[in-house]
Amino acid sequence: MLSIQEMEALIDKLDQSSIDEFSYEANGAKIKLKKHHSVVQTVTNEAVHIPQTPQIKEQVAPSIEKPSQSEQATVQEEKPVVESKDYDFEVVSPMVGTFYSSPSPPDKPAFVQVGGDQVSENTVICIVEAMKLFNEIEADVKGTVTEVLVENGELVEYGQPLFRIKTV
């Protein structure tokens, strides 16, 4: 059987020669060398793979186009306009679930209306259903509802703002 150093010497000789393939067999051991392929040495029923030094290919980085001035102008125009803050508090969803603005029958009125309804800390303002459990969400502050940020039946995430309230 050949030692690692002898196999490395064979690989070097093959690289320097014009031969593309070399096979050697002795005492039940086989070695087959191919240029630009793996070297496989078989000892009885076991195979040992010794990869050759990989060929390094030059890679060209893709060119990155800069946006034109008109595209830059559109990007700048899309920045959100800061609105005046007509609320002091946001009620956020305490869980992932489905938002409902009214009690179970959909024909019933919403828990709260924008602008007209005064709420207190324990006023139920909506329901969030999670895993068939209906969780009542309270206002947590005293004030007037200025904005409802989600639609009835919409899926909401944990921490997602649901209502904006102007506190008194």
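The values are calculated or read from the model by the stated rules, or taken from the named source; none is laboratory data. Source: prediction; values computed, not measured. Because the Cβ atoms are built from the backbone with ideal geometry, glycine has one as well, and the counts that use them run over all protein chains shown. Just the protein is used for accessible areas: all its heavy atoms, side chains included, with ligands, DNA and RNA removed. Shrake-Rupley method; radii C 1.70, N 1.55, O 1.52, S 1.80 Å.
Computed values, structure above
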{"read-out": "Rounded to the nearest 10 Å², the accessible area of residue 102 at probe 1.4 Å", "value": "10"}
{"read-out": "Accessible surface, per residue, of the stretch 125-165 when the full set of protein chains is kept, probe 1.4 Å, Å²", "value": "57"}
{"read-out": "Rough spin-label spacing in nm, given labels placed 7 Å along Cα→Cβ, for residue 135 and residue 34", "value": "6.1"}
{"read-out": "Two-site label geometry, residue 146 and residue 27: point separation in nm, points 7 Å out along Cα→Cβ", "value": "8.9"}
